[in-house]
Amino acid sequence: CNWQPEGTWRDQPVDAGDYPFSEPENVALRDFIVPRNPAVTIFYHSAFNAIFAAGCPNVGPRTRELADV
C-alpha cells in the first residue's frame with residue numbers, strides 16, 4: 001500500500017500527516033520494523049478485537065494464513 005494524503009475512519013476524515021512518516025509514532029514503528037525485515041506482518045486492531053493481514057492487496061499467503069488463526 002502507498003501512503004494516501006487523505007483517509008477515513010468510520011466515514012470520518014482523518015489526518016494522514018503531511019507526508020509518509022511525518023508522525024513520530026510512525027517513525028518509531030518504521031525504525032523498529034524495517035531493520036528486522038519480518039517475513040510476516042499482521043495487525044491487531046483493538047477497536048475491532050480482530051487481527052487483519054493488512055488493507056493492501058499484495059499481502060503474502062503466509063501473512064493471511066497467520067491472520068486467520
I'd like the residue in segment 9-64 that is among the hydroxyl-bearing types (Ser, Thr, Tyr) and surrounded by 10 or more Cβ atoms within 10 Å (Cβ to Cβ) and, out of all such residues, is modelled with the highest pLDDT. SER22
Looking at (1) under 20 Å from ARG64 (Cβ atoms); (2) not assigned by TED's automatic domain parsing to the domain that holds ARG64, find the lone condition where VAL27 falls short. (1)
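The values are calculated or read from the model by the stated rules, or taken from the named source; none is laboratory data. Not measured: the values here are computed from a predicted model. As a convention, Cβ positions derive from the backbone with ideal geometry for all residues, glycine included, and neighbour counts pool all protein chains shown.
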